[in-house]
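Notes follow once the structure below has been shown.
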Amino acid sequence: MPDAHKTKEELVEELTAARGRIAALEAALAPNAPPRPECPATNETAQFYLTILNDAPALIWRAGRDAKCDWFNRTWLSFTGRGLEQELGDGWAEGVHRDDFDRCLQTYLKAFDARQFFQMEYRLRHHSGEFRWICDIGCPFTEPDGAFGGYIGYCFDVTQRRRDEEFRRDVERIIRHDVKAPLHALKALALALFDDVRDEELRPLVPRLHRGIASVVDLVDSTEKLMQIERGDYRPPDTRLELAAIVRNVFDTLAPQAEALGVALRLPEPAGPGAMGVFCRGEEVLIETMLTNLVKNALEASPPGAAVTVRLSRDEAGARVAIHNRGVIPEAIRDRFFEKYVTSGKPRGTGLGTYSAERIARAHGGLVGFATSEADGTTVTATLPASEAASG
């Protein structure tokens, strides 16, 4: 059975090697065989190469110029429990799950017509009767004279990986559900405290406690959306959001950390023609998460006694949020600042905050960039699709 834990690069490398063996086989057959035999040739050289492919741990298939399969290795036949004659031509498609059939066939024919590499996953009937998930990698090959010869495919069983992923998603859903109950209880407790607390020093802290708990609840609710962003299939809602209100929420959340670091948080009034009331469109909890990550990063990079300033503006490019601090991004990480796990100078840094912010901005049709220097400090600017203040 193929190794389900190999990387895509390893699989492509093995596929390339398989293509080389097929090319050598075609070259060996060229002087003595018709251009495209229906079945593998039986001469000694051909049999040698087919034996290598037959003994490969992967499920391997070959198709001719007409897109019909003319050969399968023993691993494939052993997996399906069917004979070669049953699989030839379009016979192999009888084993594809009916819910995957149209997508599978369209992907294959579209790539075939364009002579392009393809990769797809679909369910194929195992000889036990169970449908198992297969990752199928197909690549065109050429005849000895350079003409298009057909396709060679390399497949491996990814059923266990798919099951592990589904199990992980189920566990995450359960955790999100179970975590929200005590969080909602804490939120209600914070509201009760707000009514009862008479101490003038403690009373201002209660709304912060309430806001912090609410932010965690929102973050738990947004984890599915973050997973969609990571997979590349997230679509933001067409909701109008006031950026100043979101930034004030971010400041409320980060106020304790700012005080502990001795760094001020500032939100000047927007300046310039048409700058009042800067609005964007998207998912409020995700935009707030993005700005929280960027402002928190600026706080941690600021020297004590300095300030983090957030300025809002709007121009033809969109709604802009510019976050400035007096720190400087180390030169060693500037080219990789928004990459995953890139961090510098933070004992507990994960390198995920700026990565997450950039992904959220991009998922909303925006972008994030920065400018940094010893003289001017660092400004990280998030640009998002703007929305007119008067629109609904």
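The values are calculated or read from the model by the stated rules, or taken from the named source; none is laboratory data. Note that the coordinates shown come from a computational prediction; the quantities given were computed from them, not determined experimentally. Please note: Cβ atoms are built from the backbone with ideal geometry, for glycine as well, and neighbour counts cover all protein chains shown.
A few notes on this one:
- Some residue of segment 285-294 being closer than 16 Å to Thr381 by Cβ and touching a Lys or Arg at 6+ places or on another chain (Cβ under 7 Å): no
- Some residue of segment 266-283 being closer than 22 Å to Thr378 by Cα, at pLDDT 80 or above, surrounded by 14 or more Cβ atoms within 10 Å (Cβ to Cβ) and not aromatic (Phe, Trp, Tyr): yes
- Verdict on Gly89 being at pLDDT 90 or above and on the phi > 0 side of the Ramachandran plot: yes
- Against the conditions (1) of a type outside the set (Lys, Arg); (2) within 25 Å of Ile52 (Cα to Cα); (3) modelled with pLDDT under 90, Tyr154 satisfies every one except (3).
- Scope segment 130-163; condition in contact with a Phe, Trp or Tyr (Cβ under 6 Å, 6 or more places away or on another chain) and either not assigned by TED's automatic domain parsing to the domain that holds Asp113 or not in a strand (DSSP E or B) (or both); matching residues: Val158, Thr159, Arg162
- Within segment 367-381, if we keep just the residues that are of a type in the set (A, V, I, L, M) and over 14 Å from Val308 (Cβ atoms), the residue that is farthest from the chain's Cα centre (by Cα) turns out to be Ala375.
- Condition broken by Glu201, with the remaining ones in (1) acidic (Asp, Glu); (2) modelled with pLDDT of 75 or more; (3) not in a helix (DSSP H, G or I) satisfied: (2)
- Test for Arg98: is it within 18 Å of Thr159 (Cα to Cα) and of a type in the set (D, E, K, R): yes
- Test result for Asp99, acidic (Asp, Glu), within 23 Å of the chain's Cα centre (by Cα) and within 30 Å of Thr223 (Cβ to Cβ): no
- Which listed residue is crowded, with 18+ Cβ neighbours inside 10 Å and acidic (Asp, Glu), from Glu288, Glu316: Glu288
- Some residue of segment 31-38 being at pLDDT 60 or above and out of contact with any strand residue (DSSP E or B) (no Cβ under 8 Å at 6 or more places or on another chain): no
- Residues that are part of a helix (DSSP H, G or I) and β-branched (Val, Ile, Thr) were ranked within segment 230-250; the one that is surrounded by the fewest Cβ atoms within 10 Å (Cβ to Cβ) is Ile246.
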